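Peer 1: Structure incoming, see below.
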Ligand code: NZQ
Ligand code: ZN
């Protein structure tokens, strides 16, 4: 088992009647607030009004940055940082899904940088300070509500990278499952896959020694998604289903399940797809993961892949490792594409093979991708082609 450090400083208010604490938490950070949100879902479903009412109670002076894109752009981060600098903002309140929260994190850091926020994302400049961030989560998927990373896209250069720093960890996050009742079927399905992919990529599939308790907890997080995502699709306002998905989203990536230290293979490959094609992150992952597992299936990897099937989908334990692994991959595919209803091919998303070579090279950062199994750019290209 690897040595590790665990620290997670985000305070969570979980449940339906917790927003009454928003004012005091915002007030503790200051009075001038930048409210960051996306394309308007929070206005349609009433969350905006709930939040504004709480901010009014404490006399907060609210400035707004709306229109944060799914796959948020560095240009939007720059706009937000300009407002923070110009208006002397004390804190950022992000109300939305991962994109909105990620954008808020990058703004928080860019406020203390005199230049293009993209420099911070690519590491050309270091994060030295950040405004405090409070979040109200509206979509269960990324874990951004409880982690120190934001993922930002540069559509001019077809690049998408994470900006990570302990200063970007949200101070407080409000998790009200009712706020996810209006998430549509497609985003519910994609978000559910993203939760599972965090567990798979960060620690579940690895050649490194396993820590049994953590592996058991990880299996439970995965099983929770498998149980409740279909229920949330069938009954979007099922509180139990939404609550389980929401808490699974946070725990998949808040550090509790540890890190294998491998490169998160499927995430690296998917970020190339969304950088070039602006697709929904979780959907890209759903298509890549089964093809990745099939490509790397060997005598060495088969036992872990087979175990995934046995533990999560009750597949036949008596099969030999290779056959058991194939059945496990088939069960996972059935879950993604039949149960969750996601399209199964990259071509379904309008993606062609024209940039696969460059994507594969970028995903491996010019070297190799050292994940569960080390992949060369040629390997990655083959996985992409198989996913078409
Ligand atoms: O923009 P609005 O109008 O809010 O609509 C959003 C958006 O269209 C909508 N939505 C969100 N909450 C809703 C809702 N619609 C109805 N009711 C609600 N309650 O859903 C759409 C997608 O939202 P988005 O925030 O883009 O989704 P998600 O939370 O999946 O975030 C995806 C982004 O996070 C990154 C992804 O790469 C992608 O850019 N990731 C961030 C990570 C992190 N910070 O640690 C890790 C992840 O692996 C991931 O890379
Ligand atoms: Zn993800």
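Peer 1: Given the -39500 (n - 2.57) contribution per DSSP H run of 4+ residues, what per-residue ellipticity at 222 nm results for the chain, rounded to the nearest 500 deg cm²/dmol?
Peer 2: Helices in the chain give a 222 nm mean residue ellipticity of -14500 deg cm²/dmol.
Peer 1: Be a star and scan the stretch 1-25 for residues whose amide nitrogen sits under 15 Å from the point 7 Å along the Cα-to-Cβ vector of residue 213.
Peer 2: So the set is 1-7.
Peer 1: Related question: Compute the long axis of helix 98-110 from its Cα atoms, compare it with the longest principal axis of the Cα atoms of the chain, and write down the angle in degrees, 0 to 90, nearest 10.
Peer 2: On a 0 to 90 degree scale, this one is about 60.
Peer 1: Turning to a different aspect of this structure: Length gain on complete extension for the stretch residue 319 to residue 69, per 0.36 nm per residue less the alpha carbon to alpha carbon distance?
Peer 2: Here the segment from residue 319 to residue 69 would lengthen by 85.4 nm.
Peer 1: Also, I was wondering about something else. Shape of the stretch 72-116 from its Cα gyration tensor (a ≥ b ≥ c, root eigenvalues): rounded if a/c is under 1.5, otherwise prolate when a/b > b/c, or oblate?
Peer 2: Oblate, since a/c reaches 1.5 and b/c is not below a/b.
Peer 1: Another question about this same structure. Taking a cut-off of 18 Å, what percent of all Cα-Cα pairs in the stretch 1-158 are separated by more than that?
Peer 2: Value for the stretch 1-158: 57 percent of Cα pairs lie more than 18 Å apart.
Peer 1: Go through 10-19, 227-236 and give me the packing order, highest mean Cβ count within 10 Å leading.
Peer 2: My ranking of the peptides, most packed first, is 227-236, 10-19.
Peer 1: So for each of 64-70, 251-257 I average, over its residues, the number of other beta carbons within 10 Å; can you give me the resulting order with the highest mean first?
Peer 2: 251-257, 64-70
Peer 1: In which sequence would 85, 306 go, from the one with the fewest C-beta neighbours within 10 Å to the one with the most?
Peer 2: Lowest to highest Cβ neighbour count: 85, 306.
Peer 1: With everything on Cα atoms, drop me the angle between helix 74-87 and the longest principal axis of the chain, reported from 0 to 90° to the nearest 10.
Peer 2: 20 degrees
Peer 1: Which whole-percent values make up P(r) of the stretch 106-248 when all C-alpha to C-alpha distances are grouped in 10 Å steps starting at zero?
Peer 2: For the stretch 106-248, the binned pair fractions read 11, 32, 33, 21, 3 percent.
Peer 1: For the pair residue 334/residue 52, report the inter-label distance in nm, with labels modelled 7 Å from Cα in the Cβ direction.
Peer 2: Going by the 7 Å Cα→Cβ label model, 4.9 nm.
Peer 1: Give, in nm to one decimal, the length gained when the segment between residue 126 and residue 24 is fully stretched (0.36 nm per residue of separation minus the Cα-Cα distance).
Peer 2: The span from residue 126 to residue 24 would gain 33.6 nm if fully extended.
Peer 1: Which angle between 0 and 90 degrees, to the nearest 10, do you get for helix 239-253 versus the longest principal axis of the chain when only C-alpha atoms count?
Peer 2: 80 degrees
Peer 1: Further question on the same structure: Run the Debye formula on the Cα coordinates of the stretch 234-293, all scatterers equal and no solvent, and tell me log10 I(q)/I(0) at q = 0.15, 0.24, 0.30 1/Å.
Peer 2: -0.65, -1.04, -1.09
Peer 1: Taking 0.36 nm per residue of separation and subtracting the Cα-Cα distance, what length does fully extending residue 344 through residue 82 add?
Peer 2: Contour length minus Cα-Cα distance gives 90.2 nm.
None of the figures in this text is laboratory data; all of them are computed from the coordinates on show. Treat the numbers as computed from the prediction; the structure is a model and nothing was measured. Don't worry about glycine lacking a Cβ; one is built from the backbone with ideal geometry, like all the others, and counts go over all protein chains shown.
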